[in-house]
Amino acid sequence: MGAFGEQRFLFNITGVNIVSARTVATPSRCTPRRELVKKVCQKLARSYPKSRLGNKKNPLDEYLYITLSLRTHEKGLKAAYGVFKKRFPSWKMAYQASKKEIGKAIVRGGLSKQKAANIKTALERIHNRFGEVSLRGLRRLDRNEAEAFLLTLPGIGLKSARCIMMYSLGYCVLPVDTHVARISYRLGWVKKTDSKRFHDHIEQLVEPKLRFSFHVCCVQHGRLVCRGQYPKCEVCCLMRLCKKVGIL
């Protein structure tokens, strides 16, 4: 287990429920200075390329991508996503399909019955809310309304909702996945506890215009350097700014 007791999925770019509800991070009493946070963001941005990390521009495609990423590996995710899009060229066709038909299309990604049921329920909920099989209507809502609706979709937690909002809808939000949480904890910005407030706390620390870059850089940094186990502190671009909390 890592510093956050995170659930270990074989492959997870955007995944669901990355940080265990039992052990997450909340605000530290020593909130970092805005200048320090900005410096961390700048150092990360200089160290890693701009990337969408495979995430989709269409918010409904992004929902599918997140759903299929649950407890699978990269090869399985890509295969299931590709077959689904080939089998259902339009979302209207997917909406009209049965759970069994959807399940057959995504079987290579694993947990096909569970994921098919979630996708079918989500499409029905979206159609009932917006009168079409599309999430573009979320762009007409304010941030809180959009987030609240996404949280009603099966399999979507706060982090995944904000991934859809950031990658596909243009909201200046900060999805806090296991990498963002781990790096923020080691920097001394948050503490481990049972509260959920850490999502909003970390987001508020980072300027809106820097949130997209901070998130994608943390994902890359967390995979390559600031790993859950055996972090490579000696080559870390944040070495002089990090308090190394929880690292022996």
Quiz item: Which condition breaks for Ser134 when tested against (1) closer than 18 Å to Leu169 by Cβ; (2) modelled with pLDDT under 95; (3) of a type in the set (Gly, Ala, Ser)?
Solution: (2)
Exercise. Select from segment 43-53 the residues that are surrounded by 15 or more Cβ atoms within 10 Å (Cβ to Cβ) and under 13 Å from the mean Cα position of the chain (by Cα) and list them in ascending order.
Key: none
Practice problem: For Glu132, state whether it is assigned to a loop (DSSP other than H, G, I, E, B), over 18 Å from the mean Cα position of the chain (by Cα) and within 25 Å of Ala105 (Cβ to Cβ). | Solution: yes
Exercise. Look through Ser213, Ser160 and report the one residue that is closer than 21 Å to Leu60 by Cα, in contact (Cβ under 8 Å) with a residue 24 or more places away in the chain and of a type in the set (Gly, Ala, Ser).
Key: Ser160
Practice problem: Please work out if Pro175 is within 30 Å of Ala116 (Cβ to Cβ) and not charged (D, E, K, R). | Solution: yes
Quiz prompt | Filtered residues of segment 139-153 (kept if surrounded by fewer than 21 Cβ atoms within 10 Å (Cβ to Cβ) and either within 15 Å of the chain's Cα centre (by Cα) or among the hydrophobic types (A, V, I, L, M, F, W, C) (or both)) | solution = Leu141, Glu147, Ala148, Phe149, Leu151
Quiz prompt | Selected residue [modelled with pLDDT of 90 or more and under 29 Å from Leu210 (Cβ atoms)] from Tyr65, Tyr95 | solution = Tyr65
Quiz item: over 28 Å from Leu123 (Cβ atoms) and within 15 Å of the chain's Cα centre (by Cα), is that true of Cys172?
Solution: no
Exercise. Within segment 183-239, work out how many residues are surrounded by 14 or more Cβ atoms within 10 Å (Cβ to Cβ) and at positive phi.
Key: 1
Self-check item: Set Lys115, Lys159: member being at pLDDT below 95, buried (at least 20 other Cβ atoms within 10 Å of the Cβ) and in the same structural domain as Met93 (by TED's automatic domain parsing)
Solution: Lys159
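The values are calculated or read from the model by the stated rules, or taken from the named source; none is laboratory data. Given the structure is predicted, the values throughout are model-derived calculations rather than measurements. Note that each Cβ is placed from the backbone with ideal geometry, even for glycine, and that neighbours are counted across all protein chains shown.
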